[in-house]
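The values are calculated or read from the model by the stated rules, or taken from the named source; none is laboratory data. Predicted model only: the values in this text are computed from it and were never measured. Neighbour counts are summed over all protein chains in view; Cβ atoms, including those assigned to glycine, are modelled from backbone coordinates with ideal geometry. Side chains are part of the model used for accessible areas, which takes the heavy atoms of the whole protein and leaves out ligands, DNA and RNA. Shrake-Rupley method; radii C 1.70, N 1.55, O 1.52, S 1.80 Å.
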Amino acid sequence: MGFDWAFFIERIVNPGAPYLNALGRTVTMAVLAMLLGLLIGLVVGFGRLSRFAVIRSACAFYVWFIRGIPVLVLLVMLFSGMAAAGLFRFSDIEVFGLKLTASFQAAVIGLAIHEGAYMAEIVRNGVQSVARGQVEAAKSLGMSSWQVTWRVVIPQATRVIVPPFGNDFNHMLKTTSLASVIGVQEIFLLTEAMSATTFKSFELLSVVALNYLVLTAIWNTIQGVIETRLRAHEIDRPVRTWWQSLVVYLTPDPSSGERRA
């Protein structure tokens with residue numbers, strides 16, 4: 001038996017409602033986990049730069065501990081391990097009329113906790129990239145610590161943070177497949193179930209791989225446009241709107257030193 005092209009194309013053209021729902025669940029899980037991970041990363045990243053040794057040590061321990069645990073192990077510990085130990089058990093809830101299953105909640109939280117450790121280092125490096133002299137100059141003008149952070153540090157650190165943040169989200173989109181182990185009905189788990197009934201494993205997995213490729217390609221373009229907008233001052237052509245940023249990203253001018261972000 002060879003590759004069934006007819007079946008492969010049919011699954012691309014007409015994936016079906018269950019698959020589209022699973023695809024939406026995959027993207028939603030990645031977005032929520034990344035946003036929560038960013039929030040954790042901001043708190044821990046600034047905590048790593050705190051003047052208080054206790055806070056610095058606690059944040060450093062969090063980064064060391066979480067980065068040392070595989071994502072799969074962390075997900076299973078949160079969903080099954082804590083329930084077995086009687087510490088905490090996730091249960092289905094409804095938010096604005098939408099049902100969030102226990103496994104989905106555990107997956108989002110687990111992925112966010114893991115991402116938070118990496119984002120913390122990205123945030124810390126971004127903040128440290130801002131010249132110390134600019135911070136001192138802002139303080140000499142009478143700005144408070146919060147004003148210096150929001151008006152001087154974060155705007156400049158963002159240019160350093162965005163590229164690795166985008167790369168992490170690219171990775172997050174694919175890491176969501178690990179949530180299938182705890183029963184989240186995302187595209188990989190659904191594909192495995194379909195493979196058991198159709199015996200078209202390779203064709204179905206090819207469709208999944210193509211879906212992940214399309215998702216990451218879309219995000220790479222979005223990331224490139226954002227990075228192009230952030231370095232608009234380095235580009236000779238006008239980059240005043242998002243549309244212009246997209247045009248510049250897709251059609252770089254080698255003669256002017258432009259490059260894709």
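Observations, loosely collected:
- Subset tally (residues that are buried (at least 16 other Cβ atoms within 10 Å of the Cβ) and either among the hydrophobic types (A, V, I, L, M, F, W, C) or in contact with a His (Cβ under 9 Å, 6 or more places away or on another chain) (or both)) for segment 133-190: 25
- Checked against (1) out of contact with any Leu (no Cβ under 7 Å at 6 or more places or on another chain); (2) of a type outside the set (Lys, Arg); (3) open to solvent by less than 40 Å² (accessible area, probe 1.4 Å); (4) modelled with pLDDT of 90 or more, Ile235 passes all but condition (4).
- Here the helices (runs of 4 or more DSSP H) wholly within segment 142-227 that include at least 2 residues being within 30 Å of Val130 (Cα to Cα) are 145-148, 154-175.
- Residue pairs meeting the criteria (Cβ under 8 Å; at least 6 apart or on separate chains; first outside any loop (DSSP other than H, G, I, E, B), in segment 233-261; second at pLDDT below 80 and open to solvent by 70 Å² or more (accessible area, probe 1.4 Å)): Gln244/Arg237; Val248/Arg237; Tyr249/Arg260; Ser256/Asp236; Ser256/Arg237
- Subset of segment 183-224 (residues that are among the β-branched types (Val, Ile, Thr) and over 19 Å from Leu173 (Cα atoms)): Thr197, Thr198
- Long-range neighbours under 7 Å by Cβ, at least six apart or interchain, first residue among the polar types (S, T, N, Q) within segment 18-39, second in a helix (DSSP H, G or I): Thr26/Thr176; Thr26/Ile187
- Just one of the listed residues (Arg48, Arg67) is without any contact (Cβ under 8 Å) to a residue 60 or more places away in the chain and over 16 Å from Val184 (Cβ atoms), and it is Arg67.
- Segment 20-73, subset closer than 18 Å to Ala102 by Cα and over 16 Å from the mean Cα position of the chain (by Cα), residue least open to solvent (accessible area, probe 1.4 Å): Ala22
- Within segment 191-220, the residues that satisfy the criterion of being under 15 Å from the mean Cα position of the chain (by Cα) and surrounded by 13 or more Cβ atoms within 10 Å (Cβ to Cβ) are Tyr212, Leu215, Thr216, Trp219, Asn220.
- Residue within segment 177-184 that is without any contact (Cβ under 8 Å) to a residue 40 or more places away in the chain, in contact with an Asp or Glu (Cβ under 9 Å, 6 or more places away or on another chain) and more than 20 Å from Leu111 (Cβ to Cβ) present: no
- Among residues that are open to solvent by 70 Å² or more (accessible area, probe 1.4 Å), farther than 30 Å from Ser91 by Cβ and at pLDDT below 80, Pro254 is included.
- Where a residue in segment 193-214 is over 15 Å from Asp4 (Cβ atoms) and its partner, wherever it lies, is of a type outside the set (A, V, I, L, M, F, W, C) and open to solvent by 60 Å² or more (accessible area, probe 1.4 Å), with Cβ under 7 Å and at least six apart: Tyr212/Lys174
- Whichever residue in segment 1-19 is touching a helix residue (DSSP H, G or I) at 6+ places or on another chain (Cβ under 9 Å) and hydrophobic (A, V, I, L, M, F, W, C) and, among such residues, is most open to solvent (accessible area, probe 1.4 Å): Trp5
- The numbered conditions (1) closer than 27 Å to Arg25 by Cβ; (2) out of contact with any strand residue (DSSP E or B) (no Cβ under 9 Å at 6 or more places or on another chain); (3) surrounded by fewer than 15 Cβ atoms within 10 Å (Cβ to Cβ) are all true for Val76 except (3).
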